[in-house]
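Everything below concerns the one structure shown next.
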Amino acid sequence: MVNHVNGTNKLNSTAMDVVKNLTGQNIKDIKRELKSKLSDMLSRGEISKQEIKEVLKYADKDLMKALAAKNHVEYTKEDSNFINEKAKKLLDATGLTLEDLFKAGKLADEDYTINTVKISKEETSWIESGVQSRSELVNIQNELNAKIKANGGNRTLTEKETLQLMKGIGYADGTYKISTAKSVLAGLFPPFNIANAITSWISHGEKDLVSKIREEKPYSSQAGGGDSVINETEAKMKNLFSQGSEIPERPEIIPPESLEIPLDEE
C-alpha cells in the first residue's frame, strides 16, 4: 500500500485518491472523513486493516493540516465570503486584493502552510537585493509589501499582519509558540547562569515572561537535502497532487456514530 519513492513515502494510486480528495477545512473533519471512507472500503473488501494502518500513518497530523488549509484556500477562491473579518479589514487598509494574497501564497509551497526560519544578517542583505529567503513568511511579507508600494501605498506589513492576512484566506500557520520564560529560565541550568537569568528577568519584566514568541516548528525528516527547506509534508503534497486534481466538493457532514475505525482525536 505504501511505496518508498525518492526517500519519501508514497501511497499507491487508490489510497492517494482517497487522501487527496478529502474535503474538510480543519483536522477534525479531515480525520472524520478519512475514517468514514476507509471504513466503507474495509466493508467492501477493498482494503485490509494493515493497509488502513499504513494510510493513517501516512496521513499524519501535518498532512491533514496541509489538506485542510488547501481546501480552505481553494474554497475562498470560489467564495470571497470565506475570508475572516480581521483579515478583510487589514486587506482594505492596505489596498491589497484577494488575488494579491493568492499569488503571494504560492511562496508557501505545496503544503499551504507558512513556515519560518531564523534569517542571518547575510541572508538579510541578500533579501534586500531581491533574493528569496528560506523563510516562507518573510518571502510572502516582502511580496505583499512590494505590491503595496507599487500601488502607491505607504503601509508596511509586519510579520504578524502578514500571517493574519494569509490565515484569513485559509493558509495554515506553521510556526509554534513558546513562552519567553522558557528561554530565560534555561539560563539557570546549566551552567547555573543565575546572573544572566536575573538580568533577563529585569529587562523583560514579569509580563513579558509569559508572553509568546514565534519559532519555526522543525521537521524530523527533510526531502531534498542540502540547503533545501522542503519538508516531508510538502513532499507528500507534491506527490499527492503531481497529476493534478479538481477542487473537492464542499464537505459532507458525517455523523461520528457512523464511524467504525478507531482513530485517536487530538
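The values are calculated or read from the model by the stated rules, or taken from the named source; none is laboratory data. Everything numeric here is computed off the predicted structure, so don't read it as measured data. For neighbour counting, all protein chains shown are included, and Cβ atoms are generated from backbone atoms with ideal geometry for every residue, glycine included. To get the accessible areas, we keep the full protein, side chains included, count just its heavy atoms, and leave off ligands, DNA and RNA. Shrake-Rupley method; radii C 1.70, N 1.55, O 1.52, S 1.80 Å.
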Tell me the relative contact order for segment 22-143 as a rounded percent, counting alpha carbon contacts under 8 Å between residues six or more apart. 21
Sorted peptide list for 135-142, 39-46, 53-60, criterion being average Cβ within 10 angstrom, highest first: 135-142, 53-60, 39-46
For segment 1-117, state the semi-axes of the equivalent ellipsoid (square roots of 5 times the eigenvalues of the alpha-carbon gyration tensor), sorted largest first and rounded to whole angstrom. 33, 16, 10
Expressed as a percent, the accessible surface of segment 1-145 that is carbon or sulfur, using a 1.4 Å probe and the full set of protein chains, is 46
